[in-house]
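See below for the structure under consideration.
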Amino acid sequence: MKKPRILIMGRPNVGKSSLINRIVKTRRAITLDEEGITRDLVSVAAQWKGHSFELLDSGGVLFNRKNRPELQDEIEGLVLTAMHSADRVLFLVDYQHGIHDLDMGIAKQLRVIADKVTLVVNKVDDKASAAYISDFYKLGLGEPVAISATNGIGVNVLLDRTLKGLKRVKVSDKEAIRVALIGRPNMGKSSLLNALLNQDRVLVSELSGTTRDSVDVMMSTQDQDFVFVDTAGLRRKGKHAQGVEYYSNLRTQQAIEHSDVVVVLLDASVGILGQDKKIIQKALDAKKPFLIFMNKWDLLERTDQLRKDMLHMLKVEMPMLDHFPILVGSAKEKIHLGQLISTIVDVYKVGQTRIHTSELNQFIQQVIAQYPPSTRRGNRIRIYYGTQVGILPPHFVFFVNQTDGIAQDYYRFLERKLREYFNGFLGTAIEIQFNHHRSSSGSAKKKPGALEDA
Ligand SMILES: Nc1nc2c(ncn2[C@@H]2O[C@H](COP(=O)(O)OP(=O)(O)OP(=O)(O)O)[C@@H](O)[C@H]2O)c(=O)[nH]1
Ligand SMILES: [Mg+2]
């Protein structure tokens with residue numbers, strides 16, 4: 001369900017992030033102290049008195065004429081759109097600094113939507129000072145509210161006041177699915193995110209390297225919340241990268257690790273390159289539920305044959321992809337975006353599959369018993385039983401009389417048979433482990449670690 005959205009605006013250094021940290025009560029990931037890193041609108045989920053809402057950090061607006069960094073028009077365009085679609089806007093100014101030229105510029109834009117704006121004077125660190133905030137009336141946005149984001153003074157009152165009259169959305173117990181969008185620069189990751197949201201929230205341009213930092217953006221459908229993480233495109237030379245590029249790569253890697261589902265974007269009009277394979281390998285190594293979205297399908301003649309040929313080509317290049325969904329579509333023309341969302345939910349569910357121990361043992365008897373692993377000397381190894389010990393990815397342990405010498409080929413064989421027997425596990429890795437089972441000792445009869453015994 002769509003949550004009320006509160007946009008926080010203000011020039012650099014007035015304490016927007018401190019206020020967000022105070023409300024959300026978690027420290028957001030450190031950001032490198034280099035100007036121009038965050039150029040998109042980051043959103044975080046927040047809650048107050050049992051109701052949830054979304055906080056949007058505007059970052060980077062200047063609304064000035066001079067010294068405008070690259071893409072500044074586009075950045076401000078994003079913020080203006082967000083300003084109009086937000087349910088409330090908190091405009092932060094700095095008590096200790098007084099009114100700054102840049103504050104005047106922002107205030108001018110905000111006066112158009114004054115009825116949903118609250119002027120917030122931050123860094124009022126003691127109550128006595130609150131009496132002196134009247135100077136800020138000059139901004140023409142009504143009565144200022146004094147707070148100290150770092151000390152927490154006034155924040156509760158501010159929240160009560162801001163949320164008053166807004167639609168109330170109860171905090172749901174169902175977790176949002178975190179989806180990392182990764183790929184080479186210019187694949188259309190940011191475009192895809194904007195298309196899914198039906199609103200421009202992150203910067204898009206034909207320059208490669210537009211996205212520099214990972215950006216969290218929330219999205220909700222009728223029955224599921226998502227946090228999409230737009231990431232900086234991964235370039236070839238990761239190893240010797242410095243500064244912004246080094247940092248961007250690192251943050252993309254973190255985004256993968258912290259996600260529930262990874263979506264790798266390829267360019268359908270280009271096909272799969274060496275660098276794409278490395279990126280797919282990263283997703284595979286992370287063992288997260290994952291799928292491929294071949295974007296820019298609008299540039300091609302969209303026949304079923306072409307789609308089949310493309311999928312075939314990908315699987316020839318990387319046979320592992322047989323176990324993962326590959327979709328074709330377009331951010332630009334909004335083709336197959338609904339399918340993308342439902343497949344994200346599907347692979348996430350598949351990653352959580354739990355197979356009952358009794359079913360697993362039926363599988364061993366019916367399928368595997370005829371083809372047991374063997375030692376290097378050619379002796380048969382006996383599999384006594386198996387059990388699933390984990391999810392995301394599904395993790396199976398098989399108990400055998402001897403673990404030495406089981407070939408990698410056998411792991412692959414077993415994985416293939418598991419997939420054939422149990423509905424494919426499409427979209428997730430599987431982990432397989434062999435443990436030694438001492439048949440002579442009495443205690444070993446108990447099946448350890450079975451999920452349903454936990
Ligand atoms: N024809 C077509 N062009 C697209 C599509 N998606 C994105 N583009 C274009 O591709 C270019 C790059 O798009 P971005 O969304 O900025 O790509 P990105 O992957 O976020 O790039 P980085 O942030 O640099 O890693 C822009 O010029 C987009 O307009 C699509 O589905 N079809
Ligand atoms: Mg981008």
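The values are calculated or read from the model by the stated rules, or taken from the named source; none is laboratory data. Just so it is clear, the model here is predicted, and its values are computed rather than measured. Positions of Cβ are generated from backbone atoms using ideal geometry, with glycine treated the same way; all protein chains shown enter the neighbour counts. With ligands, DNA and RNA removed, areas are computed over all heavy atoms of the protein, side chains included. Shrake-Rupley method; radii C 1.70, N 1.55, O 1.52, S 1.80 Å.
When 280, 272 are checked against the criterion of being away from ligand 1 (no atom under 12 Å from the Cβ) and either open to solvent by 10 Å² or more (accessible area, probe 1.4 Å) or of a type in the set (S, T, N, Q) (or both), a single residue qualifies: 272.
Residue 232 falls short on exactly one of the conditions (1) of a type in the set (Gly, Ala, Ser); (2) closer than 19 Å to residue 326 by Cβ; (3) surrounded by 19 or more Cβ atoms within 10 Å (Cβ to Cβ), and that condition is (2).
When 355, 364, 344 are screened for being assigned to a helix (DSSP H, G or I), touching a strand residue (DSSP E or B) at 6+ places or on another chain (Cβ under 6 Å) and closer than 18 Å to residue 432 by Cβ, only 364 passes.
Do you know which residues across segment 48-97 are among the aromatic types (Phe, Trp, Tyr) and open to solvent by less than 10 Å² (accessible area, probe 1.4 Å)? Once the filter is applied, which keeps residues that are among the aromatic types (Phe, Trp, Tyr) and open to solvent by less than 10 Å² (accessible area, probe 1.4 Å), segment 48-97 yields 53, 91. In segment 142-176, the qualifying residues are those that are hydrophobic (A, V, I, L, M, F, W, C) and touching a Ser or Thr at 6+ places or on another chain (Cβ under 9 Å), and the one that is most open to solvent (accessible area, probe 1.4 Å) is 171. Quick check, is residue 259 within 16 Å of ligand 2 (Cβ to nearest atom), assigned to a loop (DSSP other than H, G, I, E, B) and either at pLDDT 85 or above or open to solvent by 30 Å² or more (accessible area, probe 1.4 Å) (or both)? So residue 259 does not fit the description; no.
Every test in (1) more than 11 Å from ligand 1 (Cβ to nearest atom); (2) touching a Leu at 6+ places or on another chain (Cβ under 8 Å); (3) over 13 Å from residue 184 (Cα atoms) is passed by residue 256 save one, and that test is (2).
Cβ-Cβ distances below 7 Å connect the following pairs, each with a first residue in segment 211-222 that is in the same structural domain as residue 245 (by TED's automatic domain parsing) and aliphatic (A, V, I, L, M), a second residue that is away from ligand 1 (no atom under 16 Å from the Cβ) and open to solvent by 40 Å² or more (accessible area, probe 1.4 Å), and a separation of six or more residues or different chains: 218/45.
Within segment 211-227, not a single residue is open to solvent by 40 Å² or more (accessible area, probe 1.4 Å) and part of a helix (DSSP H, G or I). Residue count for segment 379-393, restricted to those that are touching a Ser or Thr at 6+ places or on another chain (Cβ under 7 Å) and free of Cβ contacts under 8 Å to residues at least 24 places away in the same chain: 1. Scanning segment 193-207 for residues that are open to solvent by less than 60 Å² (accessible area, probe 1.4 Å) and near ligand 2 (Cβ under 9 Å from one of its atoms) turns up 193, 202, 203, 205. From the list 262, 217, which one is under 27 Å from residue 309 (Cα atoms) and either within 9 Å of ligand 1 (Cβ to nearest atom) or in contact with a strand residue (DSSP E or B) (Cβ under 6 Å, 6 or more places away or on another chain) (or both)? Of the residues listed, the single one that is under 27 Å from residue 309 (Cα atoms) and either within 9 Å of ligand 1 (Cβ to nearest atom) or in contact with a strand residue (DSSP E or B) (Cβ under 6 Å, 6 or more places away or on another chain) (or both) is 262.
Does residue 418 fit the bill of being modelled with pLDDT of 95 or more, within 30 Å of residue 292 (Cα to Cα) and open to solvent by 50 Å² or more (accessible area, probe 1.4 Å)? Considered against the rule, which asks whether it is modelled with pLDDT of 95 or more, within 30 Å of residue 292 (Cα to Cα) and open to solvent by 50 Å² or more (accessible area, probe 1.4 Å), residue 418 comes out as no. So, of the residues in segment 105-160 that are in contact with a strand residue (DSSP E or B) (Cβ under 8 Å, 6 or more places away or on another chain) and among the small types (Gly, Ala, Ser), which turns out to be nearest to residue 84 (Cα to Cα)? Taking the candidates together, the pick is 107.
Can you say whether residue 427 is outside the structural domain of residue 299 (by TED's automatic domain parsing), modelled with pLDDT of 95 or more and closer than 30 Å to residue 222 by Cα, as far as the supplied structure shows? Answer is yes for this residue. Each residue in segment 374-399 was checked for being open to solvent by less than 20 Å² (accessible area, probe 1.4 Å), at pLDDT 90 or above and not in a strand (DSSP E or B), and 3 of them qualify.
Scanning segment 118-137 for residues that are over 39 Å from the mean Cα position of the chain (by Cα) and not in a helix (DSSP H, G or I) returns a single hit, 133.
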